[in-house]
Amino acid sequence: MADTDLIPAPLAAVHGEGLLPLDAATALDAGPGAGPAARWLRAVLGAATGLPLPDGTGAGAIRLRIPPETEEEYGSEGYRLSVTGDGVRLDGGGPAGLFWGAQTLRQLLGPDAYRRAPLPGRTWSLPHTDVADRPRFGWRGLLLDVSRHFTAKEDVLRLLDLMAAHKLNVFHFHLTDDQGWRIEIRRHPRLTEVGARRARSKRGHRASPLWDDTPHGGFYTQDDIREIVAYAAERHITVVPEIDLPGHSQAAIAAYPWLGNTDAVDTAALTVWDTWGVNPNVLAPTEEVLRFYEGVFEEVLELFPATFVHVGGDECPKDQWKESPAAQARIVELGVGDEDGLQSWFIRHFDRWLADRGRRLIGWDEILEGGLAEGAAVSSWRGYGGGIAAAEAGHDVVMCPEQHVYLDHRQDGGPDEPVPIGFVRTLEDVYRFEPVPPGLSEEAARHVLGTQANVWTEVMENRDRVDYQVFPRLAAFAEVAWSTLPAPDARDTAGFLRRMETHYRRLDALGVAYRPPTGPAPWQRRPGLLGRPKDGPPPIV
C-alpha cells in the first residue's frame with residue numbers, strides 16, 4: 001500500500017524517502033484563520049489515531065497557515081503541503097484551501113486514518129512530501145434526489161463527509177418533485193402534511209410491473225435544513241436547493257389542487273405520484289401560483305445562503321396548457337407566443353425575483369426553450385448541447401450530461417447489476433469524462449463553472465443502494481472535477497486504477513458499500529430483477 005496514492009491527483013507532488021513520526025507530543029500550531037481546520041483535523045485524526053494533537057509549537061508540529069502569497073499563486077481553494085523531518089507546514093490560499101490540504105494530509109496517513117477508532121498498537125507517520133495543489137473548477141458538485149426516495153438527515157450528513165473527502169464543494173439538494181415534497185414550508189404546511197408521503201412506490205424503472213406497497217415519506221424540518229447547511233459550510237460545501245417548477249410538481253398540486261390547471265384536469269383527485277418518469281401535471285400560469293412560490297422561496301432563502309437557487313425547469317409537458325382555456329388566454333395576455341414562451345415567462349419571473357434579492361437562478365437546460373433570462377445559469381444534463389448553446393450565448397454552465405455522470409445508471413452490462421437501467425458507465429468511463437466540450441470557444445469555455453454528478457434515487461431505496469451506485473465512480477468524477485488532466489484519450493487510466501487500490505481501503509474504513517471492482521458482491525446480486533427489455537438498452541428513468 002502506498003500512502004502517496006492521492007485521489008484526486010494534486011497539481012504537483014514530490015515524495016521523499018523519509019518519514020515523520022507522529023505521537024502523543026505532536027502538536028497543532030494553527031495561525032490566524034486556521035482554527036476551523038485545526039478543529040476538524042483534531043476531531044477526525046484524533047478519533048482514528050488516538051493522538052490528542054494538542055495546541056502547541058516546536059519540532060514535529062503540524063503548522064497551519066493562510067499566507068497571502070498562497071492565494072496569489074494557487075487561489076483560495078489551493079494549498080501547499082510540506083512534510084519534512086522538522087514537521088508539517090500546510091499553507092492554504094484561504095480557509096477552504098487549508099481544509100482541502102487537510103484532506104490530503106489525512107490521505108497521506110493511510111487508510112487507517114479513516115477509521116472511527118484507533119487500531120491497538122498502531123503507530124503513525126507521514127511520508128516526506130511536498131504537494132502544490134489547486135482545483136481546476138470552482139463548481140465540483142453532487143446532486144442527491146431525496147424526492148423519489150427520502151434520505152435521512154444523518155445519511156445526508158454522512159454524504160457531506162464523503163464529498164469533503166473527495167474535495168467536492170457543491171451539494172445540489174433536489175428537494176421537491178412529483179413523488180415527494182421534502183422541505184418544511186411553514187406558511188404552506190400541507191406541502192409536507194400531504195406532499196411528503198405517497199401510498200406506494202414503483203419497484204425499479206418505470207417499465208417495471210412490480211410495486212412496493214409500503215407507504216413512503218419523510219421531510220426535513222427547517223431546523224434539519226439549518227443543521228445540514230451549517231454542517232456543509234464547516235466542510236466548505238455550498239448547498240444549492242432545488243424547488244422544481246413549473247413541471248415535476250404533482251406533490252405540490254396534490255397538497256394544494258388550485259396550483260394545477262383545474263380547467264384541464266381534476267386536480268382534486270391527484271395524489272402524490274407513485275411511479276417514475278415524466279408527469280403531465282404542471283403548475284397553472286397564474287399570478288396566484290407565482291405568489292405561492294414566492295412565499296416558498298422566501299423561506300428557502302432564509303435557510304440557504306447559497307448564491308444559486310435551482311428552479312428545475314426540466315421535463316415540463318405542455319399538453320395541459322394547450323388544453324386549458326385559462327392558459328391559452330394567459331399566453332395572449334402576456335404576449336409570449338406559445339407554450340414554450342409560457343415556460344420562459346415562469347423562469348424569467350423567478351430570475352428577476354431572485355436577482356432582486358441578490359441571488360442567481362440556475363435550471364436544467366430546458367430553460368433555454370423560449371428564451372433564457374440574462375444572468376440565469378444552466379445545468380446541462382441532456383448532453384453537451386444545452387451547455388454549449390448557453391455558454392456561447394454568455395450564460396454560465398454546469399456540465400452534468402446524463403451520458404457521462406448520471407450515477408444511477410448501471411455500472412456493467414452483465415445480469416448481476418441490482419437494477420439494470422440507463423447507459424453502462426464504468427469507473428473508467430467516468431474517469432474519461434471531459435467537462436469542457438471540444439470546440440467550445442475560449443470565451444465560452446470561461447462560462448463553464450464546473451461539473452456535477454447526479455444521483456437520481458428511483459431505484460435507490462436506502463443508503464447501501466446509494467453507496468453502491470455512487471462509489472467508486474464518485475472518486476473518478478472527483479478527480480475529473482479537481483485535477484488538471486490531459487485529454488480523455490491521453491489520461492493515465494491504469495495509473496488511476498492503481499491508486500484506487502489504496503482508495504478502496506479508505507472507503508472500506510469509512511463503511512462505504514461501494515461496488516467492488518470485480519463486480520457485485522453476492523448479497524448485491526439480484527439476477528433477473530425487473531427483467532431487461534429484450535430489444536435495445538433498458539429505458540432511462
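The values are calculated or read from the model by the stated rules, or taken from the named source; none is laboratory data. The model shown is predicted, which means the values in this text are computed figures rather than measured ones. Note that we place each Cβ from the backbone using ideal geometry, even for glycine, and neighbour counts take in every protein chain shown. Calculation scope for accessible area: heavy atoms of the full protein, side chains included, ligands and nucleic acids excluded. Shrake-Rupley method; radii C 1.70, N 1.55, O 1.52, S 1.80 Å.
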Problem - Test: residue 513 is assigned to a loop (DSSP other than H, G, I, E, B) and modelled with pLDDT of 85 or more - result: yes
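Matching residues to (1) aromatic (Phe, Trp, Tyr); (2) more than 27 Å from residue 182 (Cα to Cα); (3) surrounded by 19 or more Cβ atoms within 10 Å (Cβ to Cβ):
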position: 292; (1), (2), (3): yes, no, yes
position: 300; (1), (2), (3): no, no, yes
position: 307; (1), (2), (3): no, no, no
position: 314; (1), (2), (3): no, no, no
position: 322; (1), (2), (3): no, yes, no
position: 333; (1), (2), (3): no, yes, no
position: 340; (1), (2), (3): no, yes, no
position: 346; (1), (2), (3): yes, no, yes
Exercise for the section: Just give me the residues in the range 348-371 being at pLDDT 95 or above and of a type in the set (Val, Ile, Thr), in sequence order. Expected result: 362
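Out of the range 314-335, which residues are under 27 Å from residue 398 (Cβ atoms) and either among the basic types (Lys, Arg) or in contact with a Leu (Cβ under 7 Å, 6 or more places away or on another chain) (or both)?
Of everything in the range 314-335, just one residue is under 27 Å from residue 398 (Cβ atoms) and either among the basic types (Lys, Arg) or in contact with a Leu (Cβ under 7 Å, 6 or more places away or on another chain) (or both), namely 318.
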Problem - Residue satisfying all of: in the range 2-34; within 27 Å of the chain's Cα centre (by Cα) and not hydrophobic (A, V, I, L, M, F, W, C); farthest from residue 476 (Cα to Cα) among these - result: 4
Handout entry: Residue check for residue 505: surrounded by fewer than 17 Cβ atoms within 10 Å (Cβ to Cβ), modelled with pLDDT of 95 or more and on the phi < 0 side of the Ramachandran plot
Key = yes
Handout entry: Residue match in the range 456-474 (condition: open to solvent by 20 Å² or more (accessible area, probe 1.4 Å), at pLDDT below 95 and closer than 19 Å to residue 382 by Cα)
Key = no
Exercise for the section: Kindly list, by first and then second residue, each pair from a residue in the range 240-268 that is under 17 Å from residue 349 (Cβ atoms) and in contact (Cβ under 8 Å) with a residue 24 or more places away in the chain to a residue that is hydroxyl-bearing (Ser, Thr, Tyr) and assigned to a helix (DSSP H, G or I), limited to pairs with Cβ atoms under 7 Å and residues at least 6 apart or on different chains. Expected result: 245/293
Exercise for the section: Consider only pairs whose beta carbons are under 6 Å apart and that are at least six residues apart or on different chains; among these, list those whose first residue lies in the range 269-286 and is without any contact (Cβ under 8 Å) to a residue 40 or more places away in the chain and whose second residue is of a type in the set (A, V, I, L, M). Expected result: 270/253; 270/254
Exercise for the section: Filter the helices (runs of 4 or more DSSP H) completely within the range 394-502 down to those with at least 3 residues that are closer than 30 Å to residue 274 by Cβ. Expected result: 402-405, 463-470
Problem - Single match in 352, 357, 382, 330 (criterion: part of a helix (DSSP H, G or I) and under 30 Å from residue 232 (Cβ atoms)) - result: 352
Exercise for the section: Any chance you could count how many residues in the range 485-502 are exposed (fewer than 14 other Cβ atoms within 10 Å of the Cβ) and of a type in the set (D, E, K, R)? Expected result: 4
Problem - Set 416, 408: member being closer than 26 Å to residue 203 by Cβ and within 18 Å of the chain's Cα centre (by Cα) - result: 408
Completion exercise
The correct count of residues that are out of contact with any Asp or Glu (no Cβ under 9 Å at 6 or more places or on another chain) and either small (Gly, Ala, Ser) or more than 16 Å from residue 8 (Cα to Cα) (or both) in the range 130-145 is 2
Handout entry: Pair list, Cβ < 8 Å and 6+ apart or interchain, from the range 383-405 residues that are under 20 Å from residue 136 (Cβ atoms) and open to solvent by 40 Å² or more (accessible area, probe 1.4 Å) to residues that are modelled with pLDDT of 95 or more and of a type outside the set (Lys, Arg)
Key = 384/399; 384/401; 388/380; 388/444; 404/429; 404/430; 404/433
Problem - Residue pairs meeting the criteria (Cβ under 8 Å; at least 6 apart or on separate chains; first closer than 9 Å to residue 373 by Cβ and among the aliphatic types (A, V, I, L, M), in the range 337-353; second at pLDDT below 95 and open to solvent by less than 30 Å² (accessible area, probe 1.4 Å)) - result: 347/367; 347/372; 347/373; 347/376
Practice task
Could you tell me whether residue 207 is open to solvent by 50 Å² or more (accessible area, probe 1.4 Å) and at pLDDT below 95?
Solution key: yes
Exercise for the section: May I ask you to say which residue of 228, 253 is under 30 Å from residue 451 (Cα atoms) and in contact with a strand residue (DSSP E or B) (Cβ under 9 Å, 6 or more places away or on another chain)? Expected result: 228
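This table checks each residue for (1) among the aliphatic types (A, V, I, L, M); (2) crowded, with 18+ Cβ neighbours inside 10 Å.
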| position | (1), (2) |
| --- | --- |
| 123 | no, no |
| 132 | yes, yes |
| 138 | no, no |
| 148 | no, yes |
| 155 | no, no |
| 176 | no, yes |
| 179 | no, yes |
Handout entry: Residue that is surrounded by the fewest Cβ atoms within 10 Å (Cβ to Cβ) [pool: residues in the range 425-453 that are touching a residue at least 60 places away in the same chain (Cβ under 8 Å), out of contact with any Phe, Trp or Tyr (no Cβ under 6 Å at 6 or more places or on another chain) and aliphatic (A, V, I, L, M)]
Key = 427
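To keep it simple, each residue is scored yes or no on (1) more than 19 Å from the chain's Cα centre (by Cα); (2) open to solvent by less than 60 Å² (accessible area, probe 1.4 Å); (3) over 23 Å from residue 295 (Cα atoms).
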position	(1), (2), (3)
194	yes, yes, no
198	yes, yes, yes
201	yes, yes, yes
215	yes, no, yes
237	no, yes, yes
246	yes, yes, no
Exercise for the section: Looking only at the range 357-382, count how many residues are touching a Ser or Thr at 6+ places or on another chain (Cβ under 9 Å) and surrounded by fewer than 18 Cβ atoms within 10 Å (Cβ to Cβ). Expected result: 4
Problem - Hey, residue 296 among the aliphatic types (A, V, I, L, M) and either touching a strand residue (DSSP E or B) at 6+ places or on another chain (Cβ under 6 Å) or part of a helix (DSSP H, G or I) (or both) or not - result: yes
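For the range 258-277, what are the residues that are outside any loop (DSSP other than H, G, I, E, B) and open to solvent by 40 Å² or more (accessible area, probe 1.4 Å)?
If the condition is that a residue be outside any loop (DSSP other than H, G, I, E, B) and open to solvent by 40 Å² or more (accessible area, probe 1.4 Å), then 258, 268, 269 are the ones that fit.
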Practice task
Go through the range 411-451 residue by residue and tally those that are of a type outside the set (Ser, Thr, Tyr) and within 16 Å of residue 391 (Cα to Cα).
Solution key: 16
